[in-house]
Amino acid sequence: MTGPLISVLMPAYNHERYVEAAIRSVMEQDFPRIELLVVDDGSKDGTWGGLQRLRGECESRFERVELVTQENQGTCGTMNRLCRAARGDFVLVLASDDALLPGALRRLVAPMLADAAVGVTVGRNELMDGAGRTCYWDAERRTTYE
């Protein structure tokens, strides 16, 4: 394949409930060259088992896959490990309880490909509850659906 490689870096900790949806949102991207690097930072739940169940699908979809587990190092140590492992031309950090909207990677990379002076792009963020429904914060930062 030709074109730039995007490294999707995913630190994971106790997100058994969400990590599959996070990874599937990357699998469904229309960008051809993606490497997925996930570090389970010593989760106490079934996060690592969920990652293992997805390994085959990930290896079929992505140019490169690293799914590893480690004793808990915290966010900084985990992110440093992920950054050292990345080989992509571009990097996207996706938390293991987040999801990408369809076409997100293509839209995020386009301005940087069009203009070498653009070094960072930021996508539109939407909040979702534990069931994956779009939600909002009111003035007191309480969850609302309107």
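The values are calculated or read from the model by the stated rules, or taken from the named source; none is laboratory data. Being a predicted model, the structure only gives us computed values, none of them experimental. Every residue, glycine among them, receives a Cβ derived from its backbone with ideal geometry; neighbour counts consider all protein chains shown. The protein model used for the area step is the full one, side chains on, heavy atoms only, and it has no ligands, DNA or RNA in it. Shrake-Rupley method; radii C 1.70, N 1.55, O 1.52, S 1.80 Å.
Structure notes:
- For ALA21: the one exception among (1) aliphatic (A, V, I, L, M); (2) under 24 Å from GLY3 (Cβ atoms); (3) touching a residue at least 40 places away in the same chain (Cβ under 8 Å): (2)
- A single member of ALA99, ALA110, ALA114, ALA104 is surrounded by fewer than 10 Cβ atoms within 10 Å (Cβ to Cβ) and of a type in the set (A, V, I, L, M, F, W, C), and it is ALA114.
- Number of residues in segment 1-55 that are open to solvent by less than 20 Å² (accessible area, probe 1.4 Å) and in a strand (DSSP E or B) equals 14.
- When every residue of segment 86-94 is checked against the conditions, none turns out to be closer than 19 Å to GLY123 by Cβ, part of a helix (DSSP H, G or I), at pLDDT 95 or above and in contact with a strand residue (DSSP E or B) (Cβ under 7 Å, 6 or more places away or on another chain).
- Selection from segment 56-82 of residues that are of a type in the set (Gly, Ala, Ser) and surrounded by 14 or more Cβ atoms within 10 Å (Cβ to Cβ): GLY77
- Count of residues meeting criterion [more than 19 Å from ARG17 (Cβ to Cβ), in a helix (DSSP H, G or I) and not charged (D, E, K, R)] in segment 56-74: 3
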